[in-house]
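Only one structure is covered here, and it is reproduced in the block below.
The values are calculated or read from the model by the stated rules, or taken from the named source; none is laboratory data. Predicted model only: the values in this text are computed from it and were never measured. Glycine gets a Cβ as well: all are built from the backbone with ideal geometry, and neighbour counts include every protein chain shown.
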Amino acid sequence: MTQVTAATADHAYWKARQDSWDRQQEWYLPDREERFRVMLEMTEALTGPEPEVLDLACGTGSISGRLLARLPGARTTGADLDPALLAIARGHFADEPRARFVTVDLTDPDWPAKLLHRRYDAVLTATALHWMRTDALSRLYGQLAGVVREGGVFLNADHMPDPVTPRINEAAHAFDKARREREAAAGRQGWVEWWQEMAADPVLADVVAERYRIFGDPARGDHADGQFQSPAWHVEMLRGAGFAESRVVWSSPGDAVVLGLR
Ligand SMILES: C[S@@+](CC[C@H](N)C(=O)[O-])C[C@H]1O[C@@H](n2cnc3c(N)ncnc32)[C@H](O)[C@@H]1O
């Protein structure tokens, strides 16, 4: 069992890990902050300035950090399965009583019972639910309708290519791939290299090994990217799950932010 705690290293150490996670994610998502801005604006517009938020599949807690900076009266529960990313989150937010973190496996049917509250004003998630297969994601949407309070919101920012525009999708994908290759040639760190650096870090080595046991080694494929759903699928699925209104509130050629109002 791994012993790393927030006190194992100082705040500058944890902040550097959080920042390098953000840079790595931005390599894939140059408009990541734009999605976060839209998600937080819609959260504030629909639930007010002091929401109780669930940062679902929070990773290192990037959404929680933006939330608390924007809305000082908000509180957040970060929930994730990855012990290494949760260690960075707990270290980075060690002096922040408004942010707490729990371990949950979203494929566990009882995951909502592990949360700190029965209901949340807002559930926010980014770049995570495409890790789930379509059938598991449908079940998760049904559970989320029970986690979001009446009048509360769910916002999912993720890869949601629309299959009815294959030539547009292909051109947008090739264009973005060329950008990533240019940036990689200039030294930009991707998913595999980032995890290799964390695995080589003596503070995190044990907890990263535990993470590899759960998800696998990123160099050999640690998650299935195989089942993407269209924005229309997400909108319909949320209505069917019990959300009163749902729609796309932001999109790019391959990604979207979908909002469900409970
Ligand atoms: C690409 S990261 C995104 C993290 C964060 N939302 C962000 O935008 O920085 C995907 C996250 O989904 C989490 N995840 C994947 N499958 C999960 C599961 N079954 N239960 C809980 N979290 C899961 C991973 O551990 C990881 O933190």
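Here are the numbers for the structure shown:
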quantity: Residue that is surrounded by the most Cβ atoms within 10 Å (Cβ to Cβ) [pool: residues in the range 211-239 that are more than 22 Å from Asp108 (Cβ to Cβ) and more than 19 Å from the chain's Cα centre (by Cα)]; calculated: Trp233
quantity: Matching residues in the range 67-84 - criterion: being within 10 Å of the ligand (Cβ to nearest atom) and either hydroxyl-bearing (Ser, Thr, Tyr) or surrounded by fewer than 24 Cβ atoms within 10 Å (Cβ to Cβ) (or both); calculated: Asp80, Leu81, Asp82, Pro83
quantity: Residue check for Gly48: modelled with pLDDT of 95 or more and near the ligand (Cβ under 9 Å from one of its atoms); calculated: no
quantity: Where a residue in the range 91-113 is assigned to a loop (DSSP other than H, G, I, E, B) and of a type in the set (A, V, I, L, M) and its partner, wherever it lies, is at pLDDT below 95 and away from the ligand (no atom under 14 Å from the Cβ), with Cβ under 6 Å and at least six apart; calculated: Ala94/Ala6
quantity: Whichever residue in the range 196-208 is surrounded by 14 or more Cβ atoms within 10 Å (Cβ to Cβ) and not β-branched (Val, Ile, Thr) and, among such residues, is nearest to the ligand (Cβ to nearest atom); calculated: Met198
quantity: Number of the condition not met by Val53 [criteria: (1) more than 12 Å from the ligand (Cβ to nearest atom); (2) within 15 Å of the chain's Cα centre (by Cα); (3) more than 22 Å from Met132 (Cα to Cα); (4) crowded, with 17+ Cβ neighbours inside 10 Å]; calculated: (3)
quantity: Residue satisfying all of: in the range 98-115; among the charged types (D, E, K, R) and within 11 Å of the ligand (Cβ to nearest atom); nearest to Leu68 (Cα to Cα) among these; calculated: Lys114
quantity: Residue that is nearest to Glu26 (Cα to Cα) [pool: residues in the range 228-253 that are touching a strand residue (DSSP E or B) at 6+ places or on another chain (Cβ under 6 Å) and in a loop (DSSP other than H, G, I, E, B)]; calculated: Phe228
quantity: Pair list, Cβ < 8 Å and 6+ apart or interchain, from the range 122-148 residues that are farther than 15 Å from Ala244 by Cα and β-branched (Val, Ile, Thr) to residues that are within 14 Å of the ligand (Cβ to nearest atom) and modelled with pLDDT under 95; calculated: Thr134/Gln227
quantity: Those residues of the range 129-166 which are small (Gly, Ala, Ser), within 14 Å of the ligand (Cβ to nearest atom) and buried (at least 19 other Cβ atoms within 10 Å of the Cβ), in sequence order; calculated: Ala157
quantity: Residue that is nearest to Ala184 (Cα to Cα) [pool: residues in the range 9-35 that are of a type in the set (S, T, N, Q) and within 15 Å of the chain's Cα centre (by Cα)]; calculated: Gln24
